[in-house]
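Beneath this line is the structure, given in structure tokens, with notes to follow.
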Amino acid sequence: MTVYLPIAELTVNLFLILGIGTAVGFISGLFGVGGGFLLTPLLIFSGISPAVVVASEASQIAATAFSGALAYARRSLIDYRLGAVLVSGGVAGSLLGVWLFSLLRRVGQLDFAIGIAYLILLGGIGILMLKEAVGTMRAKLSGAPPPALRKGGDHGWAHGLPFKMRFHKSKLYMSVLPIIALGAAIGMIGSVLGVGGGFLTVPALIYLFRVPTTVAIGVSLFYTVITMSAASLLHATTNLTVDIVLSLLLMIGGVVGAQYGASVGQQMKGEELRALLALLILAVAGRFFYEFVAIPERLYSISIPDVWS
Amino acid sequence: MSVPGRMLLLGVLLANLSLAGLALPARAEKLVVVLAAERIGITSSFSGTQVVAITVVERDGQSISRSGAYDAVALIRGPERTQVTRRKVRWAGLWVNGPSRTYVGAPTYFAAIANRPFADIAGDDLRAEHNIGLDFLRLSTRGRLPGDVDDKAFRDAFVAAKRTDGLYVESDRGVTFINDTVLRASFPLPANTPVGSYKIDVLLLSQGAIVARGEASIDLVKEGFEASVFRASREQPLLYGLASVVLAIAMGWMAGIVFRRN
């Protein structure tokens, strides 16, 4: 069964798109990430133009993040204050990212930039996560207590910076500047790569700012809902590339898959989950690496610049 | 047409000429191109289509006799857009996009179809003049390439990539003569073909020269729900964007409720 995507102007297999949405939703529910880092390459691979993919999946990511954020809000695990500071940086970063996106598209290096960014980000994070998860597993096997993430009396590296603020839920008293900078960096990366950035936000909050894991996930979900809604609106009004039919199909698959992923995830150990996610991230990074070094199948590519203007 | 028939036509022609005192007209045939529909609606199940154009050769009394049968070529051009071809080059061990060639106003879709091999129908000069065949499709370029880059390689790659996508078509069997004066041209529009106006140009040839031309056009338009969505995204982008956000929030909220009860 096929369905015509009115903005992408292309006919796709309905079950393929639903399947991709469900699979990515399952993974995002399992690991508590948005899944954009998987969705973008998969959809581009199924023939939809990158501009439409990045714009349309923003609302899908917002939908999945919102259903997750609701669950965290009920258990009052969202630090709205930290989220708001993060979002303020994220908005600036997103605007910069949209500008960078169109610049790279003009000079014809968008594919390269997206590929390299994925390779470095995913490769780096995958290796770090795998190391940490394997370390924890080993420590547990040998009976030693797992290394604590937060040591008593440790105020972190950003202690000397001005504009300090207290974040009760995150058990944090620190300068807002590094938080705004983190929000801006993730906002920029997110709008260029079409990802929510959860796979960056959560580890950054945990490892850099020492925010408790559950609160870090809650803040990340809140941040993702706001920035991805803004991104969706921005793409719809500037690039005119949001395909709402594609978004809807991805959402249906995504929210269903996410629920099953979450229930499977609850039966697994944290370090096992992290190790699996690390392997998955490394696999995606490996695919990008392969594309860069292998002799291309098609040496030439065609693009239609500014189709929508 | 039988030989006596031709003689009769010639006779009528000569009679007409002598009556009107006119010079022999260069083209005495007229082509009427008929399509089953002048627009194709794209709905949610659109998966490409085959378009058939019937062409009738009308001869008036002045038609001169042709020795040998007619040939026919149909050229179909989709909406024109500027398209860029890029070549990947190896840079520090990685494959990156290198030199590019910009084709200004190149057809997004192009089909050249005929009743037999193009080379047998027309000479290279005529083919070049009328874009008969993919090798002879005129593509205007912009910008200059460094001296060592082969222009033809880019052109060939562009055409080959479009052929792979089913957007450039060439066939020497796409046109068939149903009888001496009725011909049928059939060309495929793939699922990824762009919306817009498609111009169909039918050329009737005899002994390597064009004796008549006919034109028609067919519009590929979005219909129903797809059309409304597309219009909304263009005419009310802010509302459209808000709708996508509201949809996301509603879906997320619904998922939260439905699955919590389970």
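Values for this structure:
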quantity	calculated
Residue in the stretch B:116-123 that is over 20 Å from the mean Cα position of the chain (by Cα) and under 25 Å from B:Asp71 (Cα atoms) present	yes
Evaluation of A:Ile27 against (1) farther than 27 Å from A:Ala185 by Cα; (2) away from chain B (no Cβ under 13 Å); (3) not hydroxyl-bearing (Ser, Thr, Tyr) (one fails), failing number	(1)
The listed residue being assigned to a helix (DSSP H, G or I) and at the interface with chain B (Cβ under 10 Å from one of its Cβ atoms), out of A:Ala262, A:Ala184, A:Ala216	A:Ala262
Output for the stretch A:61-82, where each listed residue is at the interface with chain B (Cβ under 7 Å from one of its Cβ atoms) and without any contact (Cβ under 8 Å) to a residue 40 or more places away in the chain	A:Leu70, A:Ala71
Checking B:Glu170 against (1) surrounded by fewer than 20 Cβ atoms within 10 Å (Cβ to Cβ); (2) touching a residue at least 40 places away in the same chain (Cβ under 8 Å); (3) touching a Phe, Trp or Tyr at 6+ places or on another chain (Cβ under 6 Å), the condition it does not meet	(3)
Check on A:Thr238, assigned to a helix (DSSP H, G or I) and more than 12 Å from every other protein chain (Cβ to nearest Cβ)	no
Count of the stretch B:229-262 residues which are of a type in the set (Ser, Thr, Tyr) and either farther than 30 Å from B:Ala111 by Cβ or assigned by TED's automatic domain parsing to the domain that holds B:Asp71 (or both)	2
One residue from A:Leu103, A:Leu161, A:Leu119, A:Leu149 being away from chain B (no Cβ under 14 Å) and modelled with pLDDT of 80 or more	A:Leu103
Qualifying residue in the stretch A:269-279 (condition: within 8 Å of another protein chain (Cβ to nearest Cβ) and at pLDDT below 85)	no
Sole exception among (1) crowded, with 18+ Cβ neighbours inside 10 Å; (2) touching a residue at least 40 places away in the same chain (Cβ under 8 Å); (3) at the interface with chain A (Cβ under 8 Å from one of its Cβ atoms) for B:Phe230, by number	(2)
Tally of residues being of a type in the set (D, E, K, R) and either under 22 Å from A:Val33 (Cβ atoms) or free of Cβ contacts under 8 Å to residues at least 24 places away in the same chain (or both) across the stretch A:83-117	0
Subset of the stretch B:233-262 [within 11 Å of another protein chain (Cβ to nearest Cβ) and either within 30 Å of B:Ala119 (Cβ to Cβ) or not hydrophobic (A, V, I, L, M, F, W, C) (or both)]	B:Ser233, B:Arg234, B:Glu235, B:Gln236, B:Pro237, B:Tyr240, B:Gly241, B:Ser244, B:Gly252, B:Gly256, B:Arg260, B:Asn262
Residue list for the stretch B:104-122, filter: in contact with a strand residue (DSSP E or B) (Cβ under 9 Å, 6 or more places away or on another chain) and farther than 23 Å from B:Ala191 by Cβ	B:Val104, B:Gly105, B:Ala114, B:Asn115, B:Arg116, B:Phe118, B:Asp120, B:Ile121, B:Ala122
Pairs with Cβ under 9 Å, 6+ apart, first in the stretch A:214-226 and of a type in the set (Phe, Trp, Tyr), second outside any helix (DSSP H, G or I)	A:Phe222/A:Ile78; A:Phe222/A:Asp79; A:Tyr223/A:Gly196; A:Tyr223/A:Gly197
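Every residue, every condition in (1) surrounded by fewer than 20 Cβ atoms within 10 Å (Cβ to Cβ); (2) more than 26 Å from A:Phe15 (Cβ to Cβ); (3) in contact with a strand residue (DSSP E or B) (Cβ under 6 Å, 6 or more places away or on another chain), yes or no:
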{"residue": "A:Tyr173", "(1), (2), (3)": "yes, yes, yes"}
{"residue": "A:Leu182", "(1), (2), (3)": "no, yes, no"}
{"residue": "A:Gly196", "(1), (2), (3)": "no, no, no"}
{"residue": "A:Ile217", "(1), (2), (3)": "no, yes, no"}
{"residue": "A:Leu221", "(1), (2), (3)": "no, yes, no"}
{"residue": "A:Leu234", "(1), (2), (3)": "no, yes, no"}
{"residue": "A:Gly254", "(1), (2), (3)": "no, no, no"}
{"residue": "A:Tyr260", "(1), (2), (3)": "yes, no, no"}
{"residue": "A:Ser263", "(1), (2), (3)": "yes, no, no"}
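The values are calculated or read from the model by the stated rules, or taken from the named source; none is laboratory data. Values in this document were obtained by computation on a predicted structure and should not be read as measured data. Glycine gets a Cβ as well: all are built from the backbone with ideal geometry, and neighbour counts include every protein chain shown.
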